[in-house]
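Each value in this text was obtained by applying a stated rule to the coordinates, not by laboratory testing. Just so we're clear, the structure is a prediction, and the values are computed from it rather than from any experiment. A quick note on method: Cβ atoms are made from the backbone with ideal geometry, for glycine too, and the neighbour counts reach across all protein chains shown.
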Amino acid sequence: MLSVRGEAGSGKTILALQLLSALSSKLKPIYISSRVTPQKLYSSYPWVKSSLPADAVVDATKPSEEGGLGMLRYIDKPSFIRALIGLLERRGEAVAAVDSVEGVKSSIGADFMDLSLEEDLIALAEGHGCRLILLYEGSKAADYLADGVVELSYSDYEGARLRRINIRKLRGYSVEKPERVFTLDGGRLRALPHSPVYRYPTGVKWKPKPEREGYFTAGIPLLDELVGGLPAGGTLLLSLEDNVPSEAVCSILYPMLADFVSKGRPIFLLPSHSVVLLPAFLSILKYFENLMDLFLHAIEKEMAGKMDKFHVVYRAGEAYSLYREWLKRCRAASGGKPVLSVVGLDTLEHRFELRDAIAALSRMVSDVRRFGWLLVLISTSSSPELSGVAATVAGRHIRLEYRLGAVVVRGVKPSTFTVAVEPLREGEAVPELVKLV
């Protein structure tokens with residue numbers, strides 16, 4: 001017997017329906033609902049029709065109700081068990097889900113802590129070769145009877161709903177990572193990988209993406225939706241938790257960088273100490289060597305290493321003057337096309353006096369507004385003062401965080417929905433973003 005528990009709205013019904021659907025090729029599914037009528041079930045989850053035919057959905061809401069695709073009439077536990085026996089004998093080898101046990105107990109007048117119903121159901125299932133799924137709205141009393149226990153929960157997370165699935169018990173198996181984040185996007189339960197291996201984009205030939213007038217694209221449709229578009233002349237702030245992998249950050253930025261490059265637009269990159277962006281940058285240039293003169297990757301002297309011609313070493317205090325000189329050159333070379341600047345705030349704050357760093361940032365923001373460019377600022381915990389200033393001047397602000405092994409992105413300004421970042425698949429340049437609902 002599998003016990004699935006969770007409060008109302010946690011996703012128990014969807015999980016049970018997906019389990020029944022997955023097993024329907026080998027077993028006859030039975031769904032016994034004490035809370036949802038069959039009509040409403042099919043209306044809410046149309047995808048179940050192909051695996052749960054009409055005679056597999058049992059309406060156990062109230063014995064006095066007429067209609068429904070199937071009726072399980074009972075007034076007490078014996079009548080309920082007798083009706084279920086008849087159902088199992090007609091269906092043969094089956095898998096049955098009872099949604100929910102508390103609802104059935106309420107209908108037959110049984111005490112919630114009386115486990116005799118569960119004991120009878122388990123014995124009945126074993127006698128008929130039936131797999132049993134019992135859904136609970138929070139009770140743990142029957143956990144010791146179950147072969148497996150799955151708990152679903154959710155919490156409010158900065159205006160979004162963060163859902164968790166936890167395998168509390170699985171008899172005979174060791175579960176290495178029992179808890180995961182999941183989403184109900186599209187009306188289906190989808191668990192996200194726990195601590196997936198994020199990797200840097202390897203670089204693919206990029207086809208320029210369409211842009212609406214007055215806006216740039218992030219190169220990822222759902223990210224464009226999350227930030228409400230990237231207006232020309234605007235500033236986007238990416239604030240990062242310390243444990244967010246650089247590879248995940250790169251997978252978010254790569255499509256934006258690649259799209260700018262593919263349109264012959266200049267890019268200036270002043271890297272953050274905390275986020276390694278160079279691999280993404282190099283993988284883009286692999287396909288656009290003829291445009292290399294339009295790029296500048298400014299690094300500090302002690303980080304220099306092997307220099308390519310788009311690398312420039314700067315000393316403390318030189319970054320902004322170097323940036324201005326390069327802008328004049330690349331604007332002419334690109335025919336006046338808009339510039340994308342990606343700047344690590346920790347580099348500014350820790351290599352220059354705070355006052356000078358704020359002044360340089362203000363000049364960058366002013367230039368971007370004046371010429372209709374795009375500025376992307378990367379903020380970490382190591383740049384608290386400058387990050388506060390950036391949060392004020394940025395028109396768009398998203399935050400990347402690590403939650404239960406998954407990197408999630410949420411809109412701060414404007415406050416929008418939250419998505420999880422899936423690792424890049426081999427040969428792909430755009431990560432899949434999964435909306436958390």
Practice prompt. Hand me the trypsin sites (Lys or Arg not before Pro) from region 196-225 located in a DSSP loop with no more than 15 other Cβ atoms within 10 Å, in residue order please.
Written response: LYS205, ARG212
Worksheet item: Per the helix-only calculation at 222 nm, which mean residue ellipticity applies to the chain, given -39500 (n - 2.57) for every DSSP H run of n ≥ 4 and division by its residues, nearest 500 deg cm²/dmol?
Response: -9500 deg cm²/dmol
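Please report the antiparallel percentage of the DSSP beta bridges confined to the chain, to the nearest 5. Each step should come with its number before you reach the end.
Details: 32 of 82 bridges.
For the chain, the DSSP antiparallel bridge percentage is about 40.
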Worksheet item: Any idea what the relative contact order of the chain is, in percent, if you count C-alpha pairs under 8 Å spaced at least 6 apart?
Response: 17 percent
Worksheet item: Under 19 Å from the 7 Å Cα→Cβ point of HIS194, by amide nitrogen: which residues of region 144-168?
Response: 147-155, 162-168
Item to complete: Would you mind checking region 320-346 for residues with the amide N under 20 Å from a putative spin-label position 7 Å along Cα→C-beta of SER362?
Response: 320-324, 343-346
Item to complete: Choose one answer from LEU20, LEU237, LEU400: the residue with the largest mean-square fluctuation in a GNM of the chain with alpha-carbon springs under 10 Å.
Response: LEU20
Response to the item:
Per GNM of the chain with C-alpha springs under 10 angstrom, the most fluctuating residue out of GLU179, GLU102, GLU353 is GLU353
Practice prompt. Could you size up the charge dipole of region 2-191 around its Cα centre, putting +1 on the beta carbon of Lys and Arg and -1 on that of Asp and Glu, and report it in debye to the nearest 20?
Written response: 600 debye
Discussion item. Computed from the coordinates I sent, volume of the Cα convex hull per residue in Å³ equals one of [x] 219; [y] 167; [z] 153. Tell me the label.
Written reply: [y]
Worksheet, complete the sentence: Ranking SER50, ILE267, ILE108 by how far each Cα lies towards the positive end of the charge dipole of the chain (+1 on Lys and Arg Cβ, -1 on Asp and Glu Cβ), the top one is ILE267
Worksheet item: Any idea what the dipole of region 147-246 comes to, in debye rounded to 20, about its Cα centre with Lys/Arg Cβ at +1 and Asp/Glu Cβ at -1?
Response: 520 debye
Discussion item. Apply the a/c threshold of 1.5 to the C-alpha gyration tensor of region 152-291 and tell me whether it is rounded, prolate or oblate.
Written reply: prolate
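Quote the charge dipole size of the chain about the Cα centre in Debye, to the nearest 20; the model charges only the Cβ of Lys and Arg (+1) and of Asp and Glu (-1).
About 1300 debye.
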Practice prompt. Holding the Cα-Cα limit at 27 Å, pick out from LYS40/LYS413; LYS26/LYS49; LYS12/LYS413 the pairs that are longer than that.
Written response: LYS40/LYS413; LYS12/LYS413
Fill in: Gyration tensor verdict on region 330-437 (Cα atoms; rounded if a/c is under 1.5, prolate if a/b is larger than b/c, oblate otherwise)
oblate
Worksheet item: Can you give the net charge of the other residues whose Cβ lies under 11 Å from the Cβ of PRO178, counting K and R as +1 and D and E as -1?
Response: +2
Item to complete: Considering the options ILE165, TRP326, PRO423, tell which one lies farthest towards the positive end of the dipole of the chain, charges being +1 on Lys and Arg and -1 on Asp and Glu at the Cβ, about the Cα centre.
Response: TRP326
Response to the item:
Given Cβ charges of +1 for Lys and Arg and -1 for Asp and Glu, the option among GLY148, SER33, LEU20 whose Cα lies farthest towards the positive end of the dipole of region 2-191 is LEU20
Worksheet, complete the sentence: Exposure proxy check on ILE220, ILE14: fewest-to-most Cβ neighbours within 10 Å is ILE14, ILE220
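How much of the DSSP beta bridge set in region 2-191 is antiparallel, as a percent to the nearest 5?
Taking every DSSP beta bridge within region 2-191, about 40 percent pair in antiparallel fashion.
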Worksheet entry | Residue among MET113, MET256, MET364 with the largest mean-square fluctuation in a Gaussian network model of the chain, springs linking Cα atoms under 10 Å | MET113
